[in-house]
Structure formats: C-alpha cells, structure tokens
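For reference, the structure discussed in these notes is given below.
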Amino acid sequence: MEGKMDEAPAPKRAKIGSENPSKPIDNSTGNTMSGFKRDRHGNEKRFNNGPRPAPKPKVAVVRNAYTPMFEQLRDELDAHHDRRDRLGKVSRDITGLSKKIVRTISPDLPPQIQAEVDSRLAEISKLLATMAPDVQGINRYRYSRSLMCLEELAEALTFAHYLKTQTLLKPDELSAFVEELTRKGAVSEDRDKDKDEPMPDAGNTPAPASGEQETTDNDNKLAEKEEQRQSKLEPLTMSTTEDDYFYGVFDLSGEMMRFATTSTALTGEMAGAEDERTIVEDMHELGSFFEMLPMKAGDRKQWEKKLDVMRQSVRKVERLGYDRMIRGSERPQGWVPDLTADQPGDDEE
C-alpha cells in the first residue's frame, strides 16, 4: 500500500515448553543458544582460532622421599598463621579494654568506677590466659608485633599506679602484675569449665554389683591421683618485655599531659601532692629519663617517633605551668590554654 513502508517480519520467538527447554534461548532470533562461552560481541570464544581444547587428564600426585618433609612444613606454616590470627584477635580485645580503663580511672575512684575497672581487668585476665599457650619460649618474641596490646595494658597499669602513688611503676612490678593476671584468668577458665560440665543424675544411677564395687574404688583412686597431679601443675603465664614497658611509659606521658590539663582547668591548681613536687616536675623527670637512655637499635624509627611525642607532651605541661604561675589570678576557673600550637621555632606536631 502506498505511503506505508515495508515492515520486516517479526522474528520468531520460541514457545514455552520447546523441544530443548534446558538450553538458554536467544530472544533476538528465537533459537536456542549453545553452551559455549561468548565474548562481549556475542561471538563464540575460541582458543587460538581453533576449537575448544579437550580437558587435560588429571595427573596422580607423585610421592617421593621429600613429600613428608614438605607436608610437615605445610602443617607448621598453617599452625603459624592460625596462631598469629588468634593472637591478633585477642590483642585487639585487650587493647580496647585497656583504653577503656585509661579513660575511666581517676585519683579518687568511686566504688562503682573501681568495680568497672576490676571487671575489665578480669576480662583481660581471661584473654591473657588464652594467649599464654601460644607465646611460650621463642614464640614470645616471634609474635611480638601481634602483642602490641601489652603496651596499652602497660600504659593503663602505670597510669593507675601513678594516680594512686605519684610514682612510676617498675618493670619487675609490671611483669609480676601481668603474670598474676594471667594466672587468675587460667583459674577462672577452669572454674567455668567445671560449671559447664553436666552433673550426673543420682536417681538414675544403678547400684553397683559386688564385683563392680572394687573397680569403682580403683577408678576413684586413679581419679584422685590425676587430680593431685593436675593441681601441682602451674598454669602457663606470660610476662612483659622491656619494649612493652618502655613504649607503655612513652604513652603514659600523653595521659599525664591530658590529666594535668583537665585537673588544672577544674581545680585551678597543678596536680600533685601538697608542699611537694607537682606533675610538671614529674614530667621533667620522666622526659630526662628517656633522654638519657641510649637509642634502641631494634626499631629506631618507632623509638624516635615516641620520643618526639613525649617531648611535645613535656612542653605542653611546661607552658601550662608557666601560664598558671604568671597569669593564674587573671584566668577564670575552667580556663584551658591553647596547647595545640607550639612556641615559635618549634616543629609542628
């Protein structure tokens, strides 16, 4: 008919329930599609311009005299990675609990705050007990990078000790405290396991015969001997190293700086004992102690970074003390100096 364009016949579409329902259908042509892969243009993928190669036959694993050695190495590597993952997970939990303790403690702890700190220490003790079997012997230094949580724990314990006694916790005291925490955690886990074990029902227990009575008595004696032997075995513990202590005390300087700023703003006086040294003198003494120490050869970059941060904390507490002594009467209560900017000539933070 004139005025109308010739329309192309519509493509035939496959009906539902066609002869090959398992094969996909091309909607543009209505034909079934083959199972081979296609490229982005819709063409069949070929390998080296040829047909698809036949699948390679499976080759049997050949065992020789070296196979057991490599299998043992594989098992050791798997155990190493599993152990490192376990330590990393527990370390993150201990780090979080230690930070919560630092944010909670104060010089005069109310009973409810002290109870909260004790509960978190109890959680840390259980986590330390789970880590102890994996860090015995040389593994204590092999997985030192996965035990960064001990630095945070050292910071929390030294800060709590300073607020109570205004003295620095010694390395031996810190190590003994961590060992005691690990021992308490192991004992607590054993008690929890005993509670989880089902108790036998005495009403359903049949009465033993005369021949079975002697066997039961012998089993009880063996069980008692086993309990005595187990009671003599000390639970595994873990302690802190020099690096844990030093880096923890490095972080302690930052907490002391924040505590000095907050207490001065609230009370209008520098924290410290009456008629004795203040926190400014304690910060000077702590900074001088680290300045006199020789540079550690193991991780020089981290040591220098920690030392630089500690110097900044000491300078901030110095400025706080200067402003308090010179313009203390002019400042309103609650005033906090701007400690974000250093004096001219100092390096930027």
**Report entry** Rounded to whole Hz, the Karplus (6.51, -1.76, 1.60) HN-Hα couplings of segment 78-85, x for glycine and proline
**Finding:** 4, 5, 5, 5, 5, 5, 5, 5
Requested in this report: Report the accessible area of THR167, computed with a 1.4 Å probe over the heavy atoms of all protein chains in place, in Å² rounded to the nearest 10.
Outcome: 60
Query raised in the report: Can you pull the accessible area of GLU304 for me, 1.4 Å probe, Å² to the nearest 10?
Result: 80
Query - Label-point gap, in nm, between ARG327 and ARG92 - each point 7 angstrom along Cα→Cβ - result: 4.6
**Report entry** In Å², nearest 10: area of ASP93 left accessible to a 1.4 Å probe
**Finding:** 80
Report summary line: Mean Cβ-within-10 Å packing, highest first, puts peptides 70-81, 255-266, 310-321 in the order 310-321, 255-266, 70-81
Query - Calculated FRET value between VAL309 and ASP75, using beta carbons and R₀ = 51 Å, to 0.05 - result: 0.75
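The values are calculated or read from the model by the stated rules, or taken from the named source; none is laboratory data. Fair warning: this is a prediction, and the values are worked out from it, not measured in the lab. Glycine gets a Cβ as well: all are built from the backbone with ideal geometry, and neighbour counts include every protein chain shown. For the accessible areas, the whole protein counts, side chains as well, though only heavy atoms, and no ligand, DNA or RNA atoms are used. Shrake-Rupley method; radii C 1.70, N 1.55, O 1.52, S 1.80 Å.
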